[in-house]
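Notes follow once the structure below has been shown.
The values are calculated or read from the model by the stated rules, or taken from the named source; none is laboratory data. Note that the structure is predicted; figures quoted are calculated from it, not measured. In this analysis, Cβ positions are derived from the backbone assuming ideal geometry, glycine residues included, and neighbour counts consider all displayed protein chains.
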Amino acid sequence: MSFFVAVSYHCHLYPHPENDEERADVLDSLRTRIQDLNNVGLTYITMMQVLQKASESAYTWVVQVKKMKAIYHILNLCSFDVTNKCLIAEVWCPINDLANLRGALEEGSVSEKGLTAKIEIDLAPKSTDTPPTLLRTNKFTSGFQSIVEAYGVGDYREVSPAPYTIITFPFLFAVMFGDLGHGMVMSLFALWMVLTEKNQKKKRSSNEIWATFFNGRYIILTMGLFSIYTGLIYNDCFSKSLNIFGSGWIVNTNTNSLLTLDPNISGVFSGPYPFGIDPIWNMAVNRLSFLNSYKMKMSVVIGVIHMSFGVVLSVFNHLHFRQKFNVYLLFLPELLFLLCLFGYLVFMIFYKWLAFGARDSSQAPSILIHFINMFVMQGKDITPLYPGQTGLQIFLVVVAMLSVPVLLLGKPVYLYWLYRGGKGLRRRKVSENIAVSQFDFADVLLHQAIHTIEYCLGCISNTASYLRLWALSLAHAQLSEVLWAMVMRLGLRITTRVGIVFLVPVFALFAVLTVSILLVMEGLSAFLHALRLHWVEFQNKFYHGAGVKFVPFDFSLLPSVFEQDGLL
């Protein structure tokens, strides 16, 4: 069987010149086309050279274009005065920067041709709008200010927690992360970032994780230094203790592998360790029970002091905003409620430490049971902690309970009294900065009821929340001990020559696990818990964080401000 395929063939016919003149014309046209093709090649090379040279200045041109767009965007926000043919801008400016503002405007008013534009600066009368908040920072304090502003920007002239956070934040972190070795590693890493910060800024790394660590280099440095301090207090360095001053215990550790420390046995305890925890506790069987009691009480003491300090800071807000009635109707009942209950708990902890020694420690009553009986008005059959304890506890509970209705009804009733007082109380309204023209008693009462319930219940939950200092500290110590026992101890037990060679990868594994688990993961966990203790337990006692941040016109802020508006 045969198959046939149809094939079409297209042929282009070119006319052949018939004489010499036509052939000469064809040659001339071909030479012209060849010359044009050569010119095109040279043009492409020239174009690449021009673009290569222009690319060297492209970044500068982009920066100039962005600056011009930003300037025109700001000018478009100004209002145009048709009569005087000028632009009028109403802006917020810090008083300390008025001289710099005048100098900048005078410098910018002179054009390249020597023409001078007339510029006038008038201070506007007192505005009813709340000014934005400006807190000046440097490269050290900016990180701590960012921690505060992540919760909220403070109101204008409101007390800022940032100066106190510089101390309290790394300290609370270190309480949970207390280890001399880990603190030294963290401090050295942060110190390297601080010493090389100029070179790191020039590199402009696009790695977000690295940028986060680098921007918080001073926070990491302070956290590492505080961790070294608390590590010395705990006498913990990579789960091992340091015997610097000599132990205060005289025991024979060779006769019994299970060592239980009991100071009641005569002749075994000569005195306390000069600084921190005695290193012999690292070998004792009852070490965990001892540290549990110590760190749990320490967490309660630190928590009550931290919260009380936050309540005290609210006084400065009340006085600055000329609301003295809040000192008597908010601050005093809040402070009395906190101190009469949980401040008394701290008192019992210190009293038990001072009143009972090692000899009579077994007869010391339980603080927790006494604290519970304080609320139920019982405990007559229980051994008192000190003489007159029952009467004092009843008095403190009564004071704490009486502060609740004052906190609930004091401010609403006082404002209602001012509202119904008429013209006779106008001076008081002005002097105490109270706006009661549109007073709604139900609204104020509801708001105050929410605040009272939140504060009273919050004192209980917040105090319990500080127990995370105890929990995370023990967890960090136990993880460090487990890592040492499962990795380094196995490598150190091999005494042969092969074991010495094997020790190198064992130490490398120990270092990797220490950095990845104990430094990064545990450090991030302690950081987040310290952040929560500042936001929830500390700052909510005095800090509203409902203000607007002052963002001046600055070319360095263009990527973060103008790109959001789609201008760049």
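List of remarks:
- Selection of first residues in segment 386-400 that are under 12 Å from residue 371 (Cα atoms) and of second residues that are hydroxyl-bearing (Ser, Thr, Tyr), restricted to Cβ pairs under 7 Å at least 6 apart or on distinct chains, gives the following pairs, ordered by first then second residue: 396/344.
- Some residue of segment 341-353 being touching a Pro at 6+ places or on another chain (Cβ under 9 Å) and of a type in the set (D, E, K, R): yes
- Residues that are touching a helix residue (DSSP H, G or I) at 6+ places or on another chain (Cβ under 7 Å) and more than 20 Å from residue 335 (Cα to Cα), drawn from segment 385-424: 385, 386, 415, 416, 418
- Single match in 208, 197 (criterion: surrounded by fewer than 17 Cβ atoms within 10 Å (Cβ to Cβ), under 16 Å from residue 140 (Cα atoms) and either of a type in the set (Asp, Glu) or in contact with a Pro (Cβ under 9 Å, 6 or more places away or on another chain) (or both)): 197
- Residue within segment 296-303 that is assigned to a loop (DSSP other than H, G, I, E, B) and without any contact (Cβ under 8 Å) to a residue 60 or more places away in the chain present: no
- Number of residues in segment 151-171 that are touching a helix residue (DSSP H, G or I) at 6+ places or on another chain (Cβ under 8 Å), more than 22 Å from residue 93 (Cα to Cα) and among the hydrophobic types (A, V, I, L, M, F, W, C) equals 4.
- Filtering segment 39-49 for residues that are over 40 Å from the mean Cα position of the chain (by Cα), in contact (Cβ under 8 Å) with a residue 12 or more places away in the chain and either within 30 Å of residue 124 (Cβ to Cβ) or surrounded by 10 or more Cβ atoms within 10 Å (Cβ to Cβ) (or both) leaves an empty set.
- The requirement of being surrounded by fewer than 12 Cβ atoms within 10 Å (Cβ to Cβ), modelled with pLDDT under 90 and outside any loop (DSSP other than H, G, I, E, B) is not satisfied by residue 255.
- Residues of segment 374-389 classified as modelled with pLDDT of 80 or more and surrounded by 17 or more Cβ atoms within 10 Å (Cβ to Cβ), total: 3
- Condition check for residue 18: of a type in the set (Asp, Glu), modelled with pLDDT of 80 or more, surrounded by fewer than 10 Cβ atoms within 10 Å (Cβ to Cβ) and more than 30 Å from residue 552 (Cβ to Cβ): no
- Residue among 503, 519 that alone is more than 22 Å from the chain's Cα centre (by Cα) and surrounded by 14 or more Cβ atoms within 10 Å (Cβ to Cβ): 503
- Identity of the residue in segment 346-366, of a type outside the set (Ser, Thr, Tyr) and in contact (Cβ under 8 Å) with a residue 60 or more places away in the chain, that ends up surrounded by the most Cβ atoms within 10 Å (Cβ to Cβ): 358
- If you go through segment 136-175 and keep only what is over 16 Å from the mean Cα position of the chain (by Cα) and outside any helix (DSSP H, G or I), you end up with 136, 155, 156, 157, 158, 159.
- Helices (runs of 4 or more DSSP H) fully within segment 483-532 counting 2 or more residues that are more than 23 Å from residue 186 (Cβ to Cβ): 489-493, 497-513
- Among the residues of segment 126-174, those that are over 30 Å from residue 471 (Cβ atoms), out of contact with any strand residue (DSSP E or B) (no Cβ under 9 Å at 6 or more places or on another chain) and not charged (D, E, K, R) comprise 127, 128, 130, 131, 137, 138, 140, 141, 142, 159.
- Checking each residue in segment 173-185 for being crowded, with 18+ Cβ neighbours inside 10 Å and more than 20 Å from residue 142 (Cβ to Cβ) picks out 174, 175, 176, 177, 178, 179, 180, 181, 182, 183, 185.
- Tallying residues that are hydrophobic (A, V, I, L, M, F, W, C), in contact (Cβ under 8 Å) with a residue 24 or more places away in the chain and farther than 30 Å from residue 161 by Cβ within segment 503-544 yields 4.
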